[in-house]
Amino acid sequence: MKQKRICLCKNYTLLSVLLRVESIREFEVGGDNIMNNPWKDISLSDYERHMALDSVQQLQAMNQMMKGQLNQYDIQSAMILGIAGGNGLEHVDTEKLNKVYGVDINQEYLTITKKRYENISDTLECLCVDLISEAEKLPQVDMLIANLLIEYIGYECFKKVVTVTKPIYVSCIIQINVDDSFVSDSPYLHAFDGLETVHHQMAEQELQNSMNEIDYQLIQMLEHQLPNGKKLVQLDFYKKQ
Ligand SMILES: C[S@@+](CC[C@H](N)C(=O)[O-])C[C@H]1O[C@@H](n2cnc3c(N)ncnc32)[C@H](O)[C@@H]1O
């Protein structure tokens, strides 16, 4: 009897491992995945409340960093990958930029972003695209901005996005953790439970190496210390001629 129970347990363990491997495989292939990308199930209010917490303070930091990203370089068009609720779009200067694309996998985020920034509707175009499986749908732009996004698509997919969109400048913000967790402790933590399946750990040097492989050179690196022992690192790249 005892032996039977053990066998049953083993079978269940094996089954759950197989199901997990299968679902990860389905997810990686992209397209009509059985397993949905977890970002589609996270409400924008949970995400923004978490990011704005005093202990996290990332919404405020990212807002100011985006101001610099949008205005430092001589560009006419930009694409913001993983735009979520459009934090920082108030810094779009429509005299300078004639097109800004906001890209995200979550259509609800994009609907809210469009509504929030109706004042720049002639310039802002929102595209619901899964960067993992649909990168080839993206148009070309002068500058690509990817803030806390490469973590969720990985270096290889990001290189593909850069190759398709052919930007002159690429500006990325990645989060470097000093502890093990990539999501800071907060009352909204449960909302991010599913993210582990798609999260990639970032490192400045690895990102730099990936970009060098596709002929982009680092031109600027900025650091922003966060209150919870994490830091945001902005890396800007320029296409070698
Ligand atoms: C951590 S949030 C960053 C949001 C914003 N850039 C910021 O700095 O606050 C990641 C964003 O990327 C989007 N995202 C994640 N995976 C994606 C994918 N495969 N394709 C397109 N967007 C994706 C999520 O929906 C989310 O809005």
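Read-outs throughout are calculated quantities, based only on the coordinates presented, and are distinct from any laboratory measurement. All figures in this text were calculated on a predicted structure; none of them were measured in a lab. Using ideal geometry, Cβ is built from the backbone for each residue, glycine included, and neighbour counts are taken over all protein chains shown.
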inquiry  = What does the charge count around Cys128 come to, taking other residues whose C-beta lies under 12 Å from its C-beta (Lys +1, Arg +1, Asp -1, Glu -1)?
reply    = -2
ask   = Pulled fully out, how much extra length does the chain show between Gln60 and Arg116, if you take 0.36 nm times their separation in residues and subtract their Cα-Cα distance?
value = 18.4 nm
key: Integer Hz, Karplus 6.51/-1.76/1.60 couplings in order for the range 195-203, x for Gly and Pro   = 5, 4, 5, 10, 7, 10, 6, 9, 9
query = When the chain is fully extended, how far beyond the present Cα-Cα distance does Asp193 get from Arg49, taking 0.36 nm per residue of separation?
reply = 50.3 nm
task = May I ask you to derive the FRET efficiency for Thr94 and Asn209 from their Cβ-Cβ distance with R0 = 45 Å, giving the value to the nearest 0.05?
result = 0.80
ask   = Taking K and R as +1 and D and E as -1, what net charge do the other residues with C-beta under 12 Å from the C-beta of Val162 add up to?
value = +1
note = the range 30-101, convex hull of Cα, quarter of hull surface, nm² -> 6.4
Charge dipole magnitude, Cβ of K and R +1, D and E -1 - the range 36-239, Cα centre, debye nearest 20 = 400
ask   = Dividing the convex hull volume of the Cα atoms of the range 88-152 by its residue count, what figure in Å³ per residue is obtained?
value = 96
query = Does the range 109-241 come out rounded, prolate or oblate, given a ≥ b ≥ c as the square roots of the eigenvalues of its C-alpha gyration tensor, rounded meaning a/c under 1.5 and, failing that, prolate meaning a/b above b/c?
reply = oblate
remark   = Exposure proxy check on Lys166, Lys159: fewest-to-most Cβ neighbours within 10 Å is Lys166, Lys159
message = Run the simple label-point estimate for Gln225 and Ile75 please: 7 Å along Cα→C-beta, distance reported in nm.
response = 2.9
